[in-house]
Amino acid sequence: MFSLEGITTAVQDWLFIKFNPTLALAMECIIVILLAITLFAGLGLVLVLMERKVAARIQIRLGPNRVGPGGMFQTVADTLKLIMKEGLTPDSADKFLFNLAPFIVMMVAMLLLAPIAFAKNFQIWDINIGVLYISAISSLSVIGILMAGWASNNKYSLLGAMRSGAQIVSYELSAGLAVLTIVVLTGSLQLSEIIAAQQNGWWIFKGHIPAVIAFVIFIIAVTAETNRAPFDLAEAESELTAGFHTEYSGMKFALFFLAEYINIFIVCAIGATLFLGGWMPLHIGSWEAFNHIMDYIPSSVWFMGKTFFLIFVIMWFRWTFPRLRIDQLLNLEWKYLLPISLLNLLLVAVIAILGWHF
Amino acid sequence: MYNQTEIIKDTTNLGPEGELIINMGPQHPATHGVLHLVVTLNGETIKKIEPHLGYIHRSIEKMCESLTYRQFIYVTSRMDYLSSHINNLGCALLIEKGMQIEVPERAKYIRVILSELTRIASHELWLGAMAMDLGAFTPFFYTFREREMITEIMEETCGARLTMNYIVPGGLMYDIHPDFQKKVKAFIKQFKEKVTEFEDLVTNNIIFQSRTKGIGILTAEDAISFGCTGPVARASGVSCDIRKLYPYDVYDKVEFDEVIETAGDSFARYIVRVKEMNQSIRIIEQLIDCIPEGDFVGKTKNVLKLPKGEFYTRVETARGELGVFVVSEGGANPYRIKFRSPGFSNLSALNHMAAGSKIGDLMATMGTLDLVIPDIDR
Amino acid sequence: MFLKEYISDVYNGVTSLLKGMRKTGYYFLHPKEIITEQYPDNRATLVLAERFKGEVVMPHDANNEHACTGCTACEIACPNGTIKVVTKFDITPEGKKKKAIDALVYHLELCTMCNLCVVACPSDAIKMAPTFEHSVFDRSKLTKILNKPASKIREGIE
Amino acid sequence: MSNEEIKEIISSTLPSATYDETGEWLNIAIDSKDWKKIATECRNGVLKMDFLFCLTCIDWKSHLTMLYHLTSTKLRHNIVVKANLDPAIAEIESVCAIWRTAEFHEREVFEMFGVNFLNHPDLRKLILEDDFKGFPLRKDFEDPINMIKL
């Protein structure tokens, strides 16, 4: 079976033979950082194009189709355009915070990449509190948004930032509780162990209805957390023109834009890891032949397939639903999602204790 | 009194009681044109809305004073460009009333069919734009698909897609295209199939309903007091359809219902417009097969001269009652023209409707008012 | 009952959302519904309505003759001074002076395509042409002279 | 309600009103000072004129005429009330408190004709720029830049 595991071990062995351990570790770090940045750029380009194509298909139009075959290089061209643009800083803005904000948002997104298992044994940092780490870091992105909104000295930005603050803080809760159901089922915070526990079936199948409910709540909550429609109140362009990034232009705007898509990718990757078995292939009970065929598909393909499916679902939401109002958004969280997920967690705990899951 | 520098100062500072003052527009995605609202906010709650108009003011009333009666009709297409045909019709009706010009039956039938097509096109555009105001982008494209069919019918028969100028005093500029009836029927068929789409996508959508129900309530009394007309007033339970009350052309011969809702909120206004589209289809279906043969334009003099006096006609545009008021001195040009545009009066109710609600509600309220800025500024 | 209401609220909300998603999902899976017209590429197959009011033209026949008598009816009918008729006096073979057009100046940049000039024309000398690609880099190019050089009025038109 | 009945009711409030029935609707000419009284009577009295559907002004060069088109949404009768004003000191009572639609229409007439509405809550320019000089819809208005004589 083809796996990325071989490559990583080969590189590591080679480095440790050639150099002393400290230097080898440093070089590994550099390689990882470079890979992460490349992945960032690549994902950004792919996801933006994907969004535009999905939107176009849903809206009975063609979407970008001029630059490159099927419009493949459209986002590359857009990025080039954004790089060449002048990055304006408003006169009355707090210049330091204004320029810092996009990098904070970006950095948070980058940090979140660390514990994600892209394929079998292909993980930057298999931290033993992986799930906790993700919840902790992902709530930091609101600081960047608040910073951007406040520093712009623009009332639209400020309103957008305030909305986003209220939104992210409250949706953290139900996202956290939904993740917690899986932690309860697995009994571990380590992502690799959560994946390993899904060897004989994904949690969404094994965990009965509570797992499905948790999955739905997780998807809703992360859609809200990444400020995507129908929860895109922070930018709500028909109300606040562009919300917190109204004053941003050029590459600084592009960083916000990129961070949004990377965040989507990351939350979808986490969703795929927790509920859909990460890189685990689909196995159905005792169908040996079927399971065997599934095993031949590389683990990275499994992981990417699941992640992109979830990304597609989130895009599908965006191009279907109208936007909620801020008080309805908070109502949804506090009156519906939070009680349901608390109840759900209780159910899951009972299931886990009594060992009713497969 | 505001002047330019004061507006700028106000936006960087706070209001007298520490409120946020936001200049919404003239360039804003939700104002559909160059409407400028100065919104005073207390947090997310709106305290006061003050419209600043005139960004697209062309003084059409003054312009018309120097045009002849034949010429001034085309200018009115530029007022409410989404129901330009109905605007033209209002002006033509006024001249016909003033000069007692006999209009052939054929022309009357075609005028009504085209008016109703215009109304559907306008409501379709409104539906898409309104959904977009609330953050749903996709219905916009679906509505434009059907609207495109109407504009193509218009293009084929009138020679233009939006500002048709198809009406002359006494009838029509030229006869309908031979394919007209066939195409209109094809449109009706497709429209009936596709109109259910919006029920799934918009009308029954829980988010849409919660965004519009109980939002921007206008009571019947207020609607009358603010001079609201059209779907805005009808959603509040005021019967004000000019087509029913003062029928013109062949509206007295067709059967249709005046759509009236009583809730007076944004959702009622939405429902009124959707049902109105169906009523328009009903009118077209009754007329399309029985367009009488004959002339398409009546006999008129070369130079039209309205007798001395004051004349007023009203027509029901997609947005409400358009009143055309002409004062004639007996010459070839009108002495004074006043257009009582529906949007102008409807906009004046905005502050009353939206004060006290959230910014998001303002979009729902403004969206369902169906403002066309050139119609307000004239 | 509160709980029952709560559950039915959630159920109805979710089903209404799913219905909407089914609709958009249908269009996602049916690319045949796409209605985009790729404009500059489809120029060859683009059919414009014959009545489309794009610009005013003066048809000339094979002998380079037109039907304009220079009566200025169009100039009078035009609401915004788009047309300017410049007349001259031709000498007919019999030695009489006859009014004819020197130039029919048409300002496309002022024209609103209202068709009033075409309706006003007593000899059907001008008509609306279904063209729409009028953009040029120099505004002065929009001022056109409709009669071709050395064109004459057709015989028999008064 | 027929024109005769309307006349009777108006005359009982304001004997000095004169009538003109040549047009489509009954025209009532009043003195501008009596307008508020007539307006209140029309709105709240038996006439139930609750809908002010058109409010405008005409410049007759020698004088200005304010026109109020009123209708009743319950009884469906229309009247036109006219009041002549002196262009130099054009003043008339505002009817914002009676028909709220008048607020915008009066502001429009204020900037276009220079009619001063007394007791208007917010009499500012609505459409024109704030520093605009002159009253564009008056017949003696000249704007050499924007008005092109054809």
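Summary table
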| quantity | calculated |
| --- | --- |
| Residue match in the range D:97-115 (condition: of a type outside the set (A, V, I, L, M), part of a strand (DSSP E or B), within 10 Å of the chain's Cα centre (by Cα) and more than 8 Å from chain B (Cβ to nearest Cβ)) | no |
| The range D:62-71, residues that are surrounded by fewer than 21 Cβ atoms within 10 Å (Cβ to Cβ) and either in contact with a helix residue (DSSP H, G or I) (Cβ under 9 Å, 6 or more places away or on another chain) or more than 10 Å from chain B (Cβ to nearest Cβ) (or both) | D:Ser62, D:His63 |
| Residues of the range C:9-38 that turn out to be away from chain B (no Cβ under 12 Å) and either at pLDDT below 85 or touching a strand residue (DSSP E or B) at 6+ places or on another chain (Cβ under 7 Å) (or both), as a count | 4 |
| Test: residue in the range D:43-53 that is within 12 Å of chain B (Cβ to nearest Cβ) and either small (Gly, Ala, Ser) or more than 16 Å from the chain's Cα centre (by Cα) (or both) | yes |
| Residue tally, condition touching a residue at least 40 places away in the same chain (Cβ under 8 Å), under 22 Å from B:Ala220 (Cβ atoms) and not hydroxyl-bearing (Ser, Thr, Tyr), over the range B:265-304 | 8 |
| Complete set of residues in the range B:209-220 that are crowded, with 20+ Cβ neighbours inside 10 Å and at the interface with chain C (Cβ under 10 Å from one of its Cβ atoms) | none |
| Flag for A:Ala136 being surrounded by fewer than 19 Cβ atoms within 10 Å (Cβ to Cβ), assigned to a helix (DSSP H, G or I) and within 21 Å of the chain's Cα centre (by Cα) | yes |
| Residue identified as surrounded by fewer than 22 Cβ atoms within 10 Å (Cβ to Cβ), more than 14 Å from chain B (Cβ to nearest Cβ) and in contact with a Ser or Thr (Cβ under 7 Å, 6 or more places away or on another chain) among A:Trp334, A:Trp287 | A:Trp334 |
| Selected residue [part of a helix (DSSP H, G or I), touching a residue at least 60 places away in the same chain (Cβ under 8 Å) and within 14 Å of chain B (Cβ to nearest Cβ)] from A:Val105, A:Val54 | A:Val54 |
| Answer from B:Ile188, B:Ile206 - the residue that is facing another protein chain (nearest Cβ under 8 Å) and surrounded by fewer than 23 Cβ atoms within 10 Å (Cβ to Cβ) | B:Ile206 |
| Set A:Thr307, A:Thr320: member being hydroxyl-bearing (Ser, Thr, Tyr), surrounded by 17 or more Cβ atoms within 10 Å (Cβ to Cβ) and either more than 16 Å from the chain's Cα centre (by Cα) or not in a helix (DSSP H, G or I) (or both) | A:Thr320 |
| Residues (assigned to a helix (DSSP H, G or I) and β-branched (Val, Ile, Thr)) located in the range B:92-141 | B:Ile95, B:Ile110, B:Val112, B:Ile113, B:Thr118, B:Ile120, B:Thr138 |
| Condition broken by A:Gly87, with the remaining ones in (1) surrounded by 15 or more Cβ atoms within 10 Å (Cβ to Cβ); (2) part of a helix (DSSP H, G or I) satisfied | (2) |
| Residue ID - nearest to the chain's Cα centre (by Cα), chosen from residues in the range A:245-271 that are in a helix (DSSP H, G or I) and among the small types (Gly, Ala, Ser) | A:Ala269 |
| Residue list for the range B:350-375, filter: outside any helix (DSSP H, G or I) and buried (at least 24 other Cβ atoms within 10 Å of the Cβ) | B:Asp370, B:Val372 |
| Considering residues of the range B:38-59 that are in a strand (DSSP E or B) and under 18 Å from A:Ala242 (Cβ atoms) only, the residue farthest from the other protein chains (Cβ to nearest Cβ) | B:Val39 |
| Evaluation of A:Val301 against (1) more than 27 Å from A:Leu80 (Cα to Cα); (2) within 14 Å of chain B (Cβ to nearest Cβ); (3) at pLDDT 80 or above (one fails), failing number | (2) |
| Residue among A:Leu4, A:Leu43, A:Leu35, A:Leu39 that is under 27 Å from the mean Cα position of the chain (by Cα), at pLDDT below 80 and closer than 18 Å to A:Ala114 by Cβ | A:Leu4 |
| Residue in the range B:249-261 that is buried (at least 17 other Cβ atoms within 10 Å of the Cβ), out of contact with any helix residue (DSSP H, G or I) (no Cβ under 6 Å at 6 or more places or on another chain) and either assigned to a helix (DSSP H, G or I) or in contact (Cβ under 8 Å) with a residue 40 or more places away in the chain (or both) present | no |
| Residue count for the range C:39-66, restricted to those that are out of contact with any strand residue (DSSP E or B) (no Cβ under 6 Å at 6 or more places or on another chain), among the hydrophobic types (A, V, I, L, M, F, W, C) and within 14 Å of chain B (Cβ to nearest Cβ) | 5 |
| Single residue of the range D:28-61 satisfying the filter (hydroxyl-bearing (Ser, Thr, Tyr) and crowded, with 17+ Cβ neighbours inside 10 Å) that is modelled with the highest pLDDT | D:Thr56 |
| Condition broken by B:Tyr74, with the remaining ones in (1) touching a Cys at 6+ places or on another chain (Cβ under 8 Å); (2) part of a loop (DSSP other than H, G, I, E, B) satisfied | (2) |
| Where B:Ile188 falls short, out of the listed (1) within 23 Å of the chain's Cα centre (by Cα); (2) without any contact (Cβ under 8 Å) to a residue 60 or more places away in the chain | (2) |
| Any pair with Cβ under 8 angstrom, 6 or more apart, that starts in the range B:305-321 at a residue that is more than 8 Å from chain D (Cβ to nearest Cβ) and free of Cβ contacts under 8 Å to residues at least 40 places away in the same chain and ends at one that is outside any strand (DSSP E or B) and of a type outside the set (Lys, Arg) | B:Lys308/B:Glu329; B:Lys308/B:Gly330 |
| Residues of the range D:12-21 satisfying the condition of being over 12 Å from D:Leu47 (Cβ atoms) and more than 19 Å from the chain's Cα centre (by Cα) | D:Pro15 |
| Qualifying residue in the range C:7-21 (condition: touching a helix residue (DSSP H, G or I) at 6+ places or on another chain (Cβ under 9 Å) and over 30 Å from A:Glu51 (Cα atoms)) | yes |
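The values are calculated or read from the model by the stated rules, or taken from the named source; none is laboratory data. This structure is a prediction, so every number in the text was calculated from the model and none was measured. FYI the Cβ positions are ideal-geometry reconstructions off the backbone, even for glycines, and counts take in every protein chain you see.
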